[in-house]
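What follows is a single structure, written as C-alpha coordinates, with notes after it.
The values are calculated or read from the model by the stated rules, or taken from the named source; none is laboratory data. Just so it is clear, the model here is predicted, and its values are computed rather than measured. So basically every Cβ, Gly included, is an ideal-geometry build from the backbone, and we count neighbours across all protein chains shown. Surface areas here come from the heavy atoms of the whole protein model, side chains and all, with no ligands, DNA or RNA. Shrake-Rupley method; radii C 1.70, N 1.55, O 1.52, S 1.80 Å.
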Amino acid sequence: MIGGPGSESGNSTASNTPTHGVLSPTKPVNLLPDVPMHHSSRKLTDKEQKDCDVIERLIKSYFYIVRKSIQDSVPKAIMHFLVNFVKDNLQSELVTHLYKSDSANELLNESDHISIRRKEASDMLKALTRANHIISEIRETHMW
(Lines give C-alpha, C1' and ligand atoms only; values in the text may rest on other atoms or scores of the structure.)
Protein backbone atom coordinates (compact mmCIF):
# COMPACT_ATOMS: atom_id res chain seq x y z
CA MET A 1 0.00 0.00 0.00
CA ILE A 2 1.64 3.25 -1.16
CA GLY A 3 1.48 6.19 1.22
CA GLY A 4 -0.33 4.15 3.88
CA PRO A 5 0.29 4.25 7.60
CA GLY A 6 3.08 1.67 7.49
CA SER A 7 4.91 3.01 4.43
CA GLU A 8 8.22 4.83 4.55
CA SER A 9 7.06 7.76 2.42
CA GLY A 10 4.17 8.54 4.75
CA ASN A 11 6.38 8.84 7.83
CA SER A 12 9.52 10.38 6.36
CA THR A 13 8.26 13.94 6.17
CA ALA A 14 6.54 13.75 9.52
CA SER A 15 9.67 12.55 11.29
CA ASN A 16 11.93 15.14 9.63
CA THR A 17 9.91 18.19 10.64
CA PRO A 18 9.70 19.22 14.29
CA THR A 19 6.14 19.19 15.54
CA HIS A 20 5.24 21.00 18.70
CA GLY A 21 1.46 20.71 18.32
CA VAL A 22 1.19 24.48 17.69
CA LEU A 23 1.64 26.14 14.33
CA SER A 24 4.17 28.94 14.25
CA PRO A 25 2.54 32.30 13.45
CA THR A 26 5.61 33.46 11.53
CA LYS A 27 5.97 30.36 9.34
CA PRO A 28 3.13 29.78 6.85
CA VAL A 29 1.61 26.37 6.35
CA ASN A 30 2.94 24.71 3.20
CA LEU A 31 0.37 22.37 1.67
CA LEU A 32 2.41 21.77 -1.48
CA PRO A 33 4.59 18.68 -1.82
CA ASP A 34 8.32 19.12 -1.31
CA VAL A 35 10.35 19.92 -4.41
CA PRO A 36 12.76 17.11 -5.25
CA MET A 37 16.31 18.10 -4.38
CA HIS A 38 18.07 16.08 -7.07
CA HIS A 39 18.33 17.85 -10.39
CA SER A 40 18.36 16.00 -13.64
CA SER A 41 21.65 16.04 -15.50
CA ARG A 42 19.91 16.93 -18.75
CA LYS A 43 20.16 20.56 -19.88
CA LEU A 44 17.16 22.30 -21.39
CA THR A 45 17.21 23.18 -25.06
CA ASP A 46 16.77 26.78 -26.13
CA LYS A 47 13.13 26.15 -27.08
CA GLU A 48 12.41 24.47 -23.74
CA GLN A 49 14.12 27.31 -21.88
CA LYS A 50 12.04 29.88 -23.79
CA ASP A 51 8.88 27.90 -23.04
CA CYS A 52 9.80 27.80 -19.36
CA ASP A 53 10.43 31.55 -19.36
CA VAL A 54 7.08 32.21 -21.05
CA ILE A 55 5.28 29.97 -18.56
CA GLU A 56 7.06 31.69 -15.67
CA ARG A 57 6.02 35.13 -16.95
CA LEU A 58 2.44 33.96 -17.47
CA ILE A 59 2.26 32.54 -13.95
CA LYS A 60 3.72 35.72 -12.45
CA SER A 61 1.27 37.80 -14.48
CA TYR A 62 -1.62 35.61 -13.37
CA PHE A 63 -0.66 35.91 -9.69
CA TYR A 64 -0.28 39.68 -10.09
CA ILE A 65 -3.81 39.89 -11.54
CA VAL A 66 -5.22 37.71 -8.75
CA ARG A 67 -3.43 39.74 -6.08
CA LYS A 68 -4.70 43.02 -7.58
CA SER A 69 -8.22 41.63 -7.76
CA ILE A 70 -8.12 40.63 -4.09
CA GLN A 71 -6.65 44.00 -3.11
CA ASP A 72 -9.53 45.71 -4.92
CA SER A 73 -12.26 43.46 -3.56
CA VAL A 74 -11.30 43.54 0.14
CA PRO A 75 -12.17 47.24 0.71
CA LYS A 76 -15.35 46.76 -1.31
CA ALA A 77 -16.38 43.81 0.86
CA ILE A 78 -15.63 45.76 4.05
CA MET A 79 -17.72 48.72 2.87
CA HIS A 80 -20.51 46.36 1.81
CA PHE A 81 -20.74 44.82 5.27
CA LEU A 82 -20.44 48.20 7.01
CA VAL A 83 -23.16 49.79 4.90
CA ASN A 84 -25.49 46.82 5.38
CA PHE A 85 -24.89 46.86 9.14
CA VAL A 86 -25.66 50.58 9.35
CA LYS A 87 -28.72 50.18 7.12
CA ASP A 88 -30.08 47.36 9.26
CA ASN A 89 -29.49 49.08 12.60
CA LEU A 90 -30.00 52.77 11.86
CA GLN A 91 -33.80 52.75 11.63
CA SER A 92 -34.26 50.85 14.88
CA GLU A 93 -31.81 53.16 16.66
CA LEU A 94 -33.57 56.28 15.39
CA VAL A 95 -37.02 55.00 16.34
CA THR A 96 -35.74 54.01 19.79
CA HIS A 97 -34.30 57.49 20.40
CA LEU A 98 -37.45 59.13 19.05
CA TYR A 99 -39.78 57.28 21.41
CA LYS A 100 -37.41 57.58 24.36
CA SER A 101 -37.40 61.36 24.19
CA ASP A 102 -40.33 63.29 25.68
CA SER A 103 -40.27 65.78 22.83
CA ALA A 104 -42.40 63.66 20.46
CA ASN A 105 -45.31 66.15 20.65
CA GLU A 106 -42.95 69.03 20.01
CA LEU A 107 -41.56 67.25 16.94
CA LEU A 108 -45.09 66.71 15.59
CA ASN A 109 -46.09 70.40 15.87
CA GLU A 110 -46.20 72.36 12.65
CA SER A 111 -43.69 75.21 12.45
CA ASP A 112 -44.91 78.78 11.99
CA HIS A 113 -43.22 79.11 8.61
CA ILE A 114 -44.95 76.00 7.25
CA SER A 115 -48.29 77.15 8.71
CA ILE A 116 -48.03 80.50 6.90
CA ARG A 117 -47.12 78.81 3.59
CA ARG A 118 -50.02 76.35 3.96
CA LYS A 119 -52.49 79.23 4.58
CA GLU A 120 -51.13 81.14 1.54
CA ALA A 121 -51.50 78.04 -0.63
CA SER A 122 -55.07 77.53 0.61
CA ASP A 123 -55.96 81.16 -0.18
CA MET A 124 -54.39 80.84 -3.63
CA LEU A 125 -56.40 77.67 -4.28
CA LYS A 126 -59.65 79.44 -3.36
CA ALA A 127 -58.79 82.41 -5.61
CA LEU A 128 -57.92 80.16 -8.54
CA THR A 129 -61.09 78.14 -8.08
CA ARG A 130 -63.18 81.36 -8.16
CA ALA A 131 -61.31 82.54 -11.26
CA ASN A 132 -61.91 79.20 -12.98
CA HIS A 133 -65.61 79.39 -12.13
CA ILE A 134 -65.87 82.95 -13.55
CA ILE A 135 -64.07 81.92 -16.76
CA SER A 136 -66.36 78.93 -17.23
CA GLU A 137 -69.45 81.20 -16.78
CA ILE A 138 -68.14 83.57 -19.46
CA ARG A 139 -67.70 80.68 -21.91
CA GLU A 140 -71.28 79.56 -21.33
CA THR A 141 -72.77 82.99 -22.03
CA HIS A 142 -73.62 83.53 -25.64
CA MET A 143 -73.15 86.89 -27.15
CA TRP A 144 -75.81 87.21 -29.92
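I'm trying to understand the selection: among the residues of the stretch 100-134, which are β-branched (Val, Ile, Thr) and open to solvent by less than 90 Å² (accessible area, probe 1.4 Å)?
Residues of the stretch 100-134 β-branched (Val, Ile, Thr): 114, 116, 129, 134.
Those that are β-branched (Val, Ile, Thr) and open to solvent by less than 90 Å² (accessible area, probe 1.4 Å): Ile114, Thr129.
Looking only at residues in the stretch 84-110 that are outside any helix (DSSP H, G or I) and touching a helix residue (DSSP H, G or I) at 6+ places or on another chain (Cβ under 9 Å), which one is modelled with the highest pLDDT?
Start the filter on the stretch 84-110 by keeping residues that are outside any helix (DSSP H, G or I), which leaves 101-103, 109-110.
Subset that is touching a helix residue (DSSP H, G or I) at 6+ places or on another chain (Cβ under 9 Å): 101, 110.
On the way: Ser101: 72, Glu110: 87.
Looking at the filtered set, the residue picked out is Glu110.
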